[in-house]
1. Can you name the condition, by its number, that A:Phe57 falls short on among (1) hydrophobic (A, V, I, L, M, F, W, C); (2) surrounded by fewer than 21 Cβ atoms within 10 Å (Cβ to Cβ); (3) under 24 Å from A:Val216 (Cα atoms)?
2. Quick one: in region A:109-127, of everything that is more than 22 Å from B:Leu25 (Cα to Cα) and in a strand (DSSP E or B), which residue is nearest to the other protein chains (Cβ to nearest Cβ)?
3. Just checking, does region A:33-46 include any residue being of a type in the set (Gly, Ala, Ser) and at positive phi?
4. Out of A:Lys237, A:Lys214, which single residue is touching a residue at least 24 places away in the same chain (Cβ under 8 Å), more than 10 Å from chain B (Cβ to nearest Cβ) and in a loop (DSSP other than H, G, I, E, B)?
5. For region B:16-30, check the following and say yes or no: at least one residue is exposed (fewer than 14 other Cβ atoms within 10 Å of the Cβ), at pLDDT below 90 and in a loop (DSSP other than H, G, I, E, B).
6. Could you tell me whether A:Gly16 is within 22 Å of A:Phe146 (Cα to Cα), buried (at least 19 other Cβ atoms within 10 Å of the Cβ) and modelled with pLDDT of 95 or more?
7. Quick one: which of A:Ala298, A:Ala307 is part of a helix (DSSP H, G or I), more than 14 Å from every other protein chain (Cβ to nearest Cβ) and touching a Gly at 6+ places or on another chain (Cβ under 6 Å)?
8. Confirm whether A:Ile193 is touching a residue at least 40 places away in the same chain (Cβ under 8 Å), crowded, with 22+ Cβ neighbours inside 10 Å and either within 14 Å of chain B (Cβ to nearest Cβ) or not charged (D, E, K, R) (or both).
Amino acid sequence: MNADYDVIVVGCGPAGALAARAAARAGCKVAAFDKRKELGSPVRCGEGMGSHWIKEFGVKLSPNAVSANINGSVLVSPDWKNKVTIRTPETKGVVIDRKVFDKDLAIDAGRAGADIFIHSEVFDVIKEGGKVSGVKAYIDGKPQEFRAPVTIAADGGESTIARLAGINTTATLYDSDFGVEYEMVNVDCEDLIEIYFSVADAPRGYVWIFPKGKDVANVGVGIGGLHAPNARFYLDKWIRAHPERLGKAKPVAIKGGIITVGAPMTDSAVGEGIIVAGTAAHQVDPIHGGGISLAMEAGKIAGEVAAKNAMAGTCDRRHLLEYGAIYKKLREPKLLKRLLLRKVLEKLNDDDMNAIFAHLNGKDIEHLLNGRFPSVAAKMMKIMVSRPGLVKTLAALA
Amino acid sequence: MSAVIEIDRRLCIYCNSCTGVCPVLANTLREVVVQHDPQKCIDCGACVKACPMGAIKLRKGKKSV
């Protein structure tokens, strides 16, 4: 086979950039494609992530990649009577500027030696003998073919390339949330992210305020895919209903996106000569919907597995399944635990949630969200005594 | 009776929701515009529900291709 590259990466967001960097560092000839002129744009993201990940992935960020440092979170009950503040090392985070952040990741990949084709849309895969052997992309507007023994599809929520290769990554409405956010000015911000729970205000989701500076924040809402009419309706309604918090706030940007909150793909994200990574493979936290760090992690694994097998000439599905195996060991169990919790939480009504907030402190809620259910069992029993209807719903966690 | 998907391009914010849920790749995002292919569309309405901006409507009527 006439191979132009060892590894092809489609999409240069957090998953693609880390995949390209990892494969290039392993000594591979790498081509990463992105259809956008400006990486990170349009932003489709709340832009929050845990700060430890940046160190863990050894990413060099320019000073303005981080908009704000976060020391914890405030969780607010539907009736606003209980506000639980959690400040722990685990809740330390950053709100980033994706336009700067994503470019920084690509710069890292480029420094590692990867070729990056910007404003170059991949529009098809090349399949030969039942195996993906490259892609077709528009370079300077002209279609060109590129061949490599392994392709990594890191093309986000749209995930066209994986699907053209025959891997079903279509998101179901039930396992997707859809979000809209305004970046707003004149919002008083502390060093905390704010999360507002309420079935009425954000069915199967939540309202968020993520500070991006002293008086600038991303204000957004995500709702479950089966809820009508749409996220923007709920966001505008919430902003109108809370003049005490956002009365002076003015939008300076609007962003939106799909948040896949079902099970992450593992083995099913691998095909003959192709690996799917990041949001395209639904590798998103089912509780909070965060996907940046998970995409980086999956991208890095995909890049390393792709590099190893490209060098060895073993890019059939059987060998590439090492990616699925690593992911199943490293991340899937935690995400499945949180998926179970999501499926319980989505059954609660506002009265249930108010009762839970009234009984649990920050530490308890942290235990609950991290799947350490036995630690909160005693208190949950108390809540269930006062609300017998909850017994059946919460039994799934036992 | 068939139906037609209509995308209000003045409302679209290129967020990728309609593309992600479309089972037949009828919606694709070119750099700054969603392209809808009525030939591929099976009128399932998933993108109508997914669009966070309410920019997509399913209108009863004949497909004009």
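The values are calculated or read from the model by the stated rules, or taken from the named source; none is laboratory data. Quantities reported herein were computed from a predicted structural model and do not represent experimental measurements. Note: ideal-geometry Cβ built from the backbone for every residue, glycine included; neighbour counts use all protein chains shown.
1. (3)
2. So the residue we want is A:Phe117.
3. The initial filter retains those residues of region A:33-46 that are of a type in the set (Gly, Ala, Ser), namely A:40-41, A:46.
Going one step further and asking which of them are at positive phi, we end up with A:40.
There is at least one residue in region A:33-46 that is of a type in the set (Gly, Ala, Ser) and at positive phi.
4. Numbers: A:Lys237 fails: in a loop (DSSP other than H, G, I, E, B).
When all the criteria are applied, what remains is A:Lys214.
5. No - not one qualifying residue is present in region B:16-30.
6. The answer is yes for A:Gly16.
7. Values: A:Ala307 fails: touching a Gly at 6+ places or on another chain (Cβ under 6 Å).
Result: A:Ala298 is the single residue among A:Ala298, A:Ala307 that is part of a helix (DSSP H, G or I), more than 14 Å from every other protein chain (Cβ to nearest Cβ) and touching a Gly at 6+ places or on another chain (Cβ under 6 Å).
8. Criteria met by A:Ile193.
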